[in-house]
Amino acid sequence: MKEKWINVLTLAFTVALLPPIWAVLSPYIGVTVGAVALICAGLFACLGNNIKKAIPVSLGFLLGDVWAFIALTIMAHSTLNPNLTLYLTLFVMGGLAVILGTIGEKAIFVPAWLAGWAIGLTIMGPMDIAAVGSMPLQIAAAMLAGVWYVGVVGDLFQKMLIKVLKR
């Protein structure tokens, strides 16, 4: 029981300490979508904060971000009915993401690709394609902060706290 509470309290402290630092600092580096880091950290946490999966998860998120920009560009320039364009774009690109991600499964975590795509579509979808600007780069920075800063660094920090407290 004591060990459980050491884990809970060190995790609570880590979550209370590290993500708010990102939330405060991210606007100063031009990232207006800092909360994306929390979404990505959550998915990474579902994988046990496994550092061996950090690169495939990161690549998946980044590919999803690019995928969202490509999808929105296609939809913005299509002359077809908007609903048909939406359906066809999501159909083709969703299927391709799964196939390509499976081919490169050692390097790419497909669920992160699909989640990254959804994040990008959610943030950039309401924007005029001409106004997207640096948004894909901001999203990418937040995704990487979620995996590496909140996820990997957070996990290492918590493990260090546990080691200190068990002495």
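The values are calculated or read from the model by the stated rules, or taken from the named source; none is laboratory data. Predicted model, so just to flag it, every value in this text is computed and none were measured. Cβ placement follows ideal geometry from the backbone for every residue including glycine, while neighbour counts extend to all protein chains displayed. For the accessible areas, the whole protein counts, side chains as well, though only heavy atoms, and no ligand, DNA or RNA atoms are used. Shrake-Rupley method; radii C 1.70, N 1.55, O 1.52, S 1.80 Å.
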Considering each residue of segment 116-151, count those that are of a type in the set (D, E, K, R) and within 17 Å of the chain's Cα centre (by Cα), and give that number.
0
Counting only residues that are in contact (Cβ under 8 Å) with a residue 12 or more places away in the chain and in a helix (DSSP H, G or I), how many does segment 155-167 have?
6
The listed residue being in contact with a Ser or Thr (Cβ under 7 Å, 6 or more places away or on another chain), open to solvent by less than 50 Å² (accessible area, probe 1.4 Å) and in a helix (DSSP H, G or I), out of VAL147, VAL152:
VAL147
Taking segment 102-146 on its own, how many of its residues are within 18 Å of ALA37 (Cα to Cα) and hydroxyl-bearing (Ser, Thr, Tyr)?
2
Scope segment 7-24; condition within 18 Å of the chain's Cα centre (by Cα) and aliphatic (A, V, I, L, M); matching residues
VAL15, LEU18, ILE21, ALA23
